[in-house]
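Peer 1: Sharing a structure here in structure tokens format.
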Amino acid sequence: MSEAISVSATDKRSKYEELFPQLVSLIGSESDTIANMANLCAALKDTFNFLWIGFYIVKVDQLVLGPFQGPIACTRIGFGKGVCGTAWKNSKTLVVPDVNAFPGHIACSSLSKSEIVVPVIDNEKVIAVLDVDSDQEAFFDEIDAQYLEKIVRLLKF
Ligand code: SME
């Protein structure tokens, strides 16, 4: 594993393309899920300067806050609640261009304007979600969905 992530590209797709092989080597020799979640958050925050990025982990009937980077956040989210609980319920990535227009959005930070939530799936079951917040409206799109889904598939359980 190298000591730092280095991405020089400027457009989003190229950034993900440059970052991905570094993530593969970052978590390649580590089997611990929490350690890998933590480093994925750090590497993605470093690269994209997201407002907040973190994992919520399924524990019985709730999502519980896991490794993250950014300001403190809500610790528990119910099944079907907020953007995270909805992505969990539907087992599907959710891109929210305007969080204020999403019914039931849970505001951990008033600075958050848009959000993407990507389910982490093991054996056809959602075992966690990756939640990313931006302070800009409509920041996330299909490119983020495509690459973040690919990135969470690197995790081992
Ligand atoms: N906004 C999320 C809650 C988590 S925070 O954004 C970190 C939601 O509606 O589920």
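Computed from the coordinates by the stated procedures, all read-outs in this text should not be read as laboratory data. Keep in mind it's a predicted model, so treat the numbers as computed, not measured. Cβ coordinates were reconstructed from backbone atoms using ideal geometry, including for glycine residues, and neighbour counts include every protein chain displayed.
Peer 1: Please list, in order, the residues from segment 7-37 whose amide nitrogen is less than 20 Å from a point placed 7 Å along the Cα→Cβ vector of Asn49.
Peer 2: 7-20
Peer 1: Among Leu65, Leu23, which comes first, then next, by fewest other beta-carbon atoms within 10 Å? Each step should come with its number before you reach the end.
Peer 2: Numbers: Leu65 17, Leu23 21.
In order of increasing Cβ crowding within 10 Å: Leu65, Leu23.
Peer 1: Using DSSP to call loops (not H, G, I, E or B), can you name the trypsin sites (Lys or Arg not before Pro) in segment 42-134 whose Cβ has at most 15 other Cβ atoms within 10 angstrom? Intermediate results must be reported in sequence, preceding the final value.
Peer 2: Numbers: sites: Lys45, Lys59, Arg76, Lys81, Lys89, Lys92, Lys113, Lys125; in loops: Lys81, Lys92, Lys113.
When the trypsin sites (Lys or Arg not before Pro) of segment 42-134 are filtered for loop state and at most 15 Cβ neighbours within 10 Å, Lys92 remain.
Peer 1: When we measure straight from the Cα of Lys113, which aspartates and glutamates land under 12 angstrom away, once same-chain ones fewer than 8 places off are left out?
Peer 2: List returned: Asp98, Asp133, Asp135, Glu137.
Peer 1: Still on this structure, please answer the following. Please arrange Trp52, Trp88 by counting, for each residue, the other beta carbons lying within 10 Å of its beta carbon, fewest first.
Peer 2: Numbers: Trp52 22, Trp88 27.
Ranked by crowding around the Cβ, least crowded first: Trp52, Trp88.
Peer 1: Taking a cut-off of 24 Å between Cα atoms, list the lysines near Lys156, but don't count ones fewer than 8 places away on the same chain.
Peer 2: Excluding near neighbours in sequence, the set is Lys15, Lys45, Lys59, Lys89, Lys92, Lys125.
Peer 1: Can you sort Ile57, Ile27, Ile72 by how many other beta carbons sit within 10 Å, fewest first? Mind showing how you got there, number by number?
Peer 2: Numbers: Ile57 17, Ile27 23, Ile72 10.
Result, fewest neighbours first: Ile72, Ile57, Ile27.
Peer 1: Which far-off residues, 5 or more places away or on another chain, put their amide H under 5 Å from the one on Ala128, with H placed in the peptide plane?
Peer 2: Here the answer is Val58, Val120, since their amide H atoms fall under 5 Å of that of Ala128.
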